[in-house]
Structure formats: structure tokens, C-alpha cells
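Working notes, beginning with the structure itself.
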Amino acid sequence: MVDGRRHDVSGQSWLDHQWGDWDWSQAGKWTWMALQLSNGDKINLWDSFESSGQQRHATVLHADGTQEVMDVEPLAPDTAGWWTSPYSNKRYGTKWKVRIPQLDAELNVSADATEQEVQAQGGIYEGASTVSGRLGGKTVSGNAFVEQLGDWR
């Protein structure tokens, strides 16, 4: 209701629920993305840095219902845009190049707005984004949701 009037709306949303017995004080930093592509594929990818080293992989749910897990190239070296939060003073990426060799994928992910930090627990970036690029030699586009923990300086 806005000014006492009902308005019908539609759109996409993202519900992310994680559980476990983690010690958040020991968490390194990570970038997680959920990509929803125009060809019907959905890709979740992780690029995390922990005391044990960097771990990167993508889980791809194809439009036909099949699923694959595969390597993804590091995101940080090709991050092309940055934003520093005035709340937490953390620096977050805002433009990424996603490369998944096994899929012949090169995707550009860009934040729809820079200021998308959740101001809790020292700050965490939870951002709506747009995707464009090529997958398997074909042009694709779509939406993405990006989560970043840590300071990306």
C-alpha cells in the first residue's frame, strides 16, 4: 500500500538461507554469486579465501535439469569496479569477469547500484547485479545476486 492505494508488482527475488556451526571470527573473505541466465541455466559460484587457501568452483544447473560442478577462474584479478563503504570502510568489487573454461563461459557481472552493503556484523555486501556475455559460443544475459564478505583491498 502506498498512500492508501494497492499496487500490483512483479519481479525476481533471492532467498538465501545458510546454516551451520561456523566461527565467523575465523572467516576469511569470499565472493558468492547466483547467476540466472537467459538460456535457462543457473550458476552458483564461490571464490573464497581461507587459512587453508583459495577455493573456487561453480555449480551449474542446466535448463534441462542436469547439474555439474566445475572450476571457475579467480574473480579478484579481473575486478574492474570498486566501492568503499562509508559505514564499514570495507572495499567491495562492483564489476567482475567470470570465466568458466569447461563451459567456454566469459560473463560480465555488474552491480545494479554500488551501495548495497548490509550494515550488520561489520558489513557484508549483498548486491543485485546484471549479467551479459557468452556461454558455449552463444550470447546470454541475465540477473545475478552477489555476496561479498571481507575487505577487498
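Listed values, structure above:
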item: Qualifying residue in the stretch 62-83 (condition: closer than 17 Å to Val140 by Cα and surrounded by 14 or more Cβ atoms within 10 Å (Cβ to Cβ)); result: yes
item: Residues (under 16 Å from Leu45 (Cα atoms), among the charged types (D, E, K, R) and surrounded by 14 or more Cβ atoms within 10 Å (Cβ to Cβ)) located in the stretch 99-153; result: Arg99, Glu106, Glu126, Glu147
item: Residue check for Thr59: assigned to a strand (DSSP E or B) and touching a Gly at 6+ places or on another chain (Cβ under 9 Å); result: no
item: Candidates Gln54, Gln36 - the one that is in contact with a Pro (Cβ under 8 Å, 6 or more places away or on another chain) and assigned to a strand (DSSP E or B); result: Gln54
item: Residue in the stretch 36-53 that is modelled with the highest pLDDT, counting only those that are of a type in the set (S, T, N, Q) and surrounded by fewer than 13 Cβ atoms within 10 Å (Cβ to Cβ); result: Ser52
item: Residue within the stretch 72-82 that is in a strand (DSSP E or B) and in contact with a Phe, Trp or Tyr (Cβ under 9 Å, 6 or more places away or on another chain) present; result: yes
item: The lone exception for Thr94 - which of (1) of a type in the set (Val, Ile, Thr); (2) closer than 20 Å to Ile43 by Cβ; (3) surrounded by fewer than 16 Cβ atoms within 10 Å (Cβ to Cβ) it fails; result: (3)
item: Matching residues, the stretch 99-115, being under 13 Å from the mean Cα position of the chain (by Cα) and in a strand (DSSP E or B); result: Leu107, Asn108, Val109, Ser110, Ala111
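The values are calculated or read from the model by the stated rules, or taken from the named source; none is laboratory data. Since we're looking at a predicted model, the values are computed, not measured. Note that we place each Cβ from the backbone using ideal geometry, even for glycine, and neighbour counts take in every protein chain shown.
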